[in-house]
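The values are calculated or read from the model by the stated rules, or taken from the named source; none is laboratory data. All values derive from a computational prediction rather than experimental measurement. Don't worry about glycine lacking a Cβ; one is built from the backbone with ideal geometry, like all the others, and counts go over all protein chains shown.
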Amino acid sequence: MDGQQVRDWEARCIEEQPPACNATCPVHVDARGMIEHMAKGDFEAAFALFARVIPFPAIISRICDHPCESACRRNDAGGAIRIHELEKVCVSCGYEALPFKPQRSRDKKKIAIVGAGLSGLTAAMDLALKGHEVTLYEAQAWVLDRLTRYDRIVLPESVIAADLARLDASSIDLRLGAPLTNNGSGPELSDLIDNYDAIFLGIGPEPLPGIDGQLATTADGRIAIDALTFATSHPKVFAGGSQRYGAGYSPITSVHDGRYAAQSIDRLFQGASLTASRENQGSQTTRLYVNTARHAPAPPVMPRDPVRGYAHDEGIAEAQRCFPCHCLECVKVCPYLEHYGSYPKRYIREIYNNETIVMGQRKSNRMIDSCTLCGLCAEVCPEDLGMGEVCLSARQGMVEKGRMPVSHHDFALRDLAFSRSAAFTLARHQPGFHGSALLFFPGCQLSASSPDHVARIYDHLCERVDGGVGLMLGCCGAPAHWAARDDLFGQTRDEFRAEWERLGRPPVVTACSSCYRMFADHQPEVKIESLWSLLERVGLPGNANEGASVPTTLAIHDPCTTRHETDIQQSVRRLAASRGITLNELDGAGNTTCCGFGGLVQFANREVADKIVDRRIGQDDADYLTYCAMCRDNFARRGKRAVHFLDLVFGGEDPAARRDPGFSARQENRGRLKRSLLRDVWGEKVNEPTQDIELTVSAEVQADLEKKLILEDDIRQTLRHAESTGEKLVDAASGRFVACHRPVAITYWVEYTIEDGRYVVHRAYSHRMEVRRAS
Amino acid sequence: MTDKAVEPQLMCAKCNKPLVLGKVKASYLGNSFDVDLPHCPDCGFVYVSEALASGKMLQVEQALEDK
C-alpha cells in the first residue's frame, strides 16, 4: 500500500470531522460530547468537558450567544437541541472547575493585559496557565464591568462570583482603577511596550483616545487587528474582543479573541509562525455528513419553569433528543464494518499499520479478509470511499509479502482448482456446428447448485439462437481475484482465453453475475451479455413453470456484482413480471448487499459472513428471488426460502425450500454436469465413476462438516488410507475407528464404524499443524 | 520423561497397543515445538483429539499465520 494513497483514503472518511455544534462554536466546545454525558445523566462529566474549554463556565453558561444552536442538525428534525439551556442546567449543578495549576515555564515572559473583560480575562488566564507573569490593568474598580449591565435574573452576581474565585486563585497581578492613558496619569502604551514582552488590548468597542500614531487604526478609529492572529501594527501588541468585532456584543467571540490572541503571544515567544496551522481556528463549517432523515422529528423539551430553565430531568430528556451527529453511513449498512466496532478511517490506519509492522502479530489480517468487496459502503459514502478497494489492496500486499494466512482462502482456492480441472472444464461448439454465434458460460456455482437447470437452459438457448451456441464450463477466476492471487487469476483468465479463441472468440453469455463482473472488468476484449438480457430477447422456455409452486410475491435480491448493471436488473424484473410475479424491492438494486459469499468472507470469517446473510434475509418476510446461485444457496443455508430465477423457469415442487447443496455436493454436481452433457448433448459414452467407499453421513454430521470445510472426498481419502495401510486407532469402549490422513497440508481425522459394508462417519475434523513422534 | 499409558480406550489397531503419552514434534510454517501427546509406542501413530485440534492447536496455527 502506498502511504500517500492511504492518507487520501483516510481523508475521505469524514467520521472524525467535528459535529456542526462543535465546529460552529468559536472555541469548539465539545457540545456533542457534553450532551452524550448528560443524556446518560452524567452532568459532572459534561461539566468537565465544558470547563476544559471555557475559562468562565458559570458566566458563559448564562450569557453565551450560542451560535452552535443555529447549526444544530436537529433543526431538520423537530428543532435544534437547546444547547445553551443544557449548559446552564449542567453548570448550575455546582461542580468545581479544575484548580488553577500553571505550567512551569522555563522561559517566563512578562505580559500586560489591558481590560478585564471576557477577552482580556481569557487571555490573562490562558497565559498565566502557560506559566507566564501576567499583569492585568483595568480602568474600573472591578472586573467584567460590561457584565454588570445584564439582568440579574439572567446573570446573578453569585454566578459571576463563582467564576471569579478561579481568577482570585491565579497568579495574575490585578491592577484595578488603572486605565490606559496618554498623559502620564496612568499606564501608557509606550511604557507597556518598553516594560513587557507582549501586550494584549481588550479595551471594549470604543476607539482609544490618542492611539492613532501608536498603532494603525481602522477608518472608524479602532485598532486595526488581524482576524486570524490578533496582531496589530506593533509586533508586541495584540488586541481583540469588541475592539475588533465592534458593536453587537458576543461573549463567546470575546472568549475566542482572548484565547487565540494568547496563542499568538505564546507563538511570538517561541519564535513560531503566527499564521501556520490555524485553519481550524474559530467558527467553521464541517464536512461531517449526517443523514437527518433517519431520525423521526421531535420538538425541543419545554422547561416547566421558563425563567429558571431546565430542571435536571428535563435536561436529560432534552439531551436524549440529540442524535448525536455521526456519519457512519457505511457502518450502518454493513455488518462487517459494524462487527469490528469502528469506522473506515481507523480501519484504514489499522490496515496500514498491519502491513508495515516489522515485528509482532499482524492483528488485522482477518479483518482485511472479512470484507465482501461488495461496494455498498462506497455507494452510501458521501465521499465515495470504498473499503473493498482498501481491503483488496491490503490483500495484494499480504500475498506479495508472503503474509497471507494460508488458512483463510485455502479451501476456496482448492475449490477453484477443482473447477479449473478436467473434472469440470469443457469447451465445445453446439453439436452440428463448427462455430458459435454465442458462448454460454454458466459458471461454477450455478453448475454446482442446479446442474439440471444449466443443461435445460443450454438446450433452450440452442433451440432459440441461430448460428449455434457453444458451451464452456469453467471458472471465471473470481475466487482468485478476491484472494488477491493475481497469479492464479491470470492463469484462469489465460485458460479461458485460450479456449475462447479456439472457439472463434464468440460473444459470451454468463448466467452468474460474478462471472459477468470478472469478464467485464478484466477481459475487455470479450463481448459479454448476461443470460437474463439474452432470455429477454429470445424468450423464456415456452412450457416452463409447470408444476412450480412459487408464491406470486417475492422480494428481489440483486447480486452485489450487478450493483451498477441497471440493464440486467431491469431485464430480471421484466422477466419476473412476465411470469406474473410481483416483486418487493429491498433497498433497491443500487444499494443491494452481499449474500456473504463475496470476497471469500465465508471462508475467512464465517461469523461475519453469517451476520451479513442474516441481516439481508431478515429484511422481508417474502421468499427471495435472486439471479446468482451462490446468493440463493447462502440464503437457504441460513434458513431463508429463496429461489434462483431459473427455479421460476423450471420450477419443480416448492423450489424455495431447496437446501444449500453443501460443498461436497457442489463439486460432485459440477463433475456430474460435465459427464451428463457429454452423454446427452454430444452423445459420448461417459461412465459415472464407481465409488469404492460408500459413506453414511447423518444430516447433523454433514452440517458440521460444512462448517469445518471438510469434503466427503477428504473423508474417503482418509478412510482409503486407513483401510489400505491398517494405520488407525480403535476405541475399545465404543468400537469406533479413528483414521488420520495428511494428503498435503491438512491433517484430516475421521471417527467411523463399518456397518453393512458402508462407512458410517460419526465425526471428522482437521488441523494444519503437523505432528510426528519425536525421533 | 517416561511415557505413561493414557486414554486406555484408544488402541493402535495395527500394533494392538494402548496409546501412551509422550513427547512428539508439532510443526507449522517452519516453527516446531515439542508437546506431549498420546501415540502408539510401537509405530508412533500420534493422536490429536478434536478438542485439541479446534482449541489450542488452532490458536497456535492462527498466531503463527499472523506472525
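Overview of results
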{"item": "Candidates A:Val290, A:Val237, filtered to the one that is surrounded by 15 or more Cβ atoms within 10 Å (Cβ to Cβ) and not assigned by TED's automatic domain parsing to the domain that holds A:Arg146", "result": "A:Val290"}
{"item": "Among (1) free of Cβ contacts under 8 Å to residues at least 24 places away in the same chain; (2) under 18 Å from A:Cys68 (Cβ atoms), the one test that A:Gln270 misses", "result": "(2)"}
{"item": "Residue count, region A:728-740 (criterion: of a type in the set (D, E, K, R), at the interface with chain B (Cβ under 8 Å from one of its Cβ atoms) and within 19 Å of A:Ile710 (Cβ to Cβ))", "result": "1"}
{"item": "Residue check for A:Asp713: acidic (Asp, Glu), more than 12 Å from chain B (Cβ to nearest Cβ) and in contact with a helix residue (DSSP H, G or I) (Cβ under 9 Å, 6 or more places away or on another chain)", "result": "yes"}
{"item": "Hits in region A:194-241 - residues which are free of Cβ contacts under 8 Å to residues at least 40 places away in the same chain and either among the β-branched types (Val, Ile, Thr) or part of a helix (DSSP H, G or I) (or both)", "result": "A:Asp194, A:Ile211, A:Thr217, A:Thr218, A:Ile223, A:Ile225, A:Thr232"}
{"item": "Residue count, region A:317-341 (criterion: in contact (Cβ under 8 Å) with a residue 12 or more places away in the chain and more than 9 Å from the chain's Cα centre (by Cα))", "result": "14"}
{"item": "Conditions (1) of a type outside the set (Phe, Trp, Tyr); (2) under 22 Å from A:Ile59 (Cα atoms); (3) assigned to a helix (DSSP H, G or I); (4) more than 48 Å from the chain's Cα centre (by Cα): number failed by A:Asp191", "result": "(2)"}
{"item": "Count - residues of region A:1-21 that are farther than 12 Å from A:Arg287 by Cα and part of a helix (DSSP H, G or I)", "result": "9"}
{"item": "Scan of region B:4-42 for residues that are within 7 Å of chain A (Cβ to nearest Cβ) and within 14 Å of A:Arg772 (Cβ to Cβ), ordered by number", "result": "B:Lys23, B:Val24, B:Lys25, B:Ala26, B:Ser27, B:Tyr28, B:Asp34, B:Leu37, B:His39"}
{"item": "Residues of region A:24-44 that turn out to be part of a loop (DSSP other than H, G, I, E, B) and closer than 15 Å to A:Cys325 by Cβ, as a count", "result": "4"}
{"item": "Total residues in region A:525-551, condition within 38 Å of the chain's Cα centre (by Cα) and at pLDDT below 95", "result": "2"}
{"item": "Subset of region B:51-67 that is buried (at least 16 other Cβ atoms within 10 Å of the Cβ) and under 13 Å from the mean Cα position of the chain (by Cα) - its residue that is farthest from the other protein chains (Cβ to nearest Cβ)", "result": "B:Leu52"}
{"item": "Subset of region A:54-67 (residues that are in a helix (DSSP H, G or I) and either hydrophobic (A, V, I, L, M, F, W, C) or surrounded by fewer than 22 Cβ atoms within 10 Å (Cβ to Cβ) (or both))", "result": "A:Ala58, A:Ile59, A:Ile60, A:Ile63, A:Pro67"}
{"item": "A:Asp191 charged (D, E, K, R), touching a residue at least 60 places away in the same chain (Cβ under 8 Å) and not assigned by TED's automatic domain parsing to the domain that holds A:Ile60", "result": "no"}
{"item": "Search result, residues across region A:743-775 that are at the interface with chain B (Cβ under 8 Å from one of its Cβ atoms), within 18 Å of B:Leu58 (Cα to Cα) and in a loop (DSSP other than H, G, I, E, B)", "result": "A:Arg768, A:Met769"}
{"item": "Residues of region A:586-638 satisfying the condition of being modelled with pLDDT of 95 or more, outside any helix (DSSP H, G or I) and among the small types (Gly, Ala, Ser)", "result": "A:Gly618, A:Ala622"}
{"item": "Options A:Ala112, A:Ala124, A:Ala116: the member that is outside any loop (DSSP other than H, G, I, E, B), under 20 Å from A:Val53 (Cα atoms) and in contact (Cβ under 8 Å) with a residue 24 or more places away in the chain", "result": "A:Ala124"}
{"item": "Any hit, region A:488-498, residues being in contact with a strand residue (DSSP E or B) (Cβ under 8 Å, 6 or more places away or on another chain) and either without any contact (Cβ under 8 Å) to a residue 40 or more places away in the chain or part of a helix (DSSP H, G or I) (or both)", "result": "yes"}
{"item": "Residue tally, condition free of Cβ contacts under 8 Å to residues at least 12 places away in the same chain and either on the phi > 0 side of the Ramachandran plot or basic (Lys, Arg) (or both), over region A:342-362", "result": "2"}
{"item": "Residue within region A:470-489 that is charged (D, E, K, R) and closer than 22 Å to A:Ser447 by Cα present", "result": "no"}
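Matching residues to (1) at negative phi; (2) surrounded by fewer than 16 Cβ atoms within 10 Å (Cβ to Cβ):
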| site | (1), (2) |
| --- | --- |
| A:Met38 | yes, no |
| A:Phe47 | yes, no |
| A:Arg52 | yes, yes |
| A:Glu69 | yes, no |
| A:Arg73 | yes, no |
| A:Gly78 | no, yes |
| A:Ser92 | yes, no |
| A:Ala97 | yes, no |
| A:Arg106 | yes, yes |
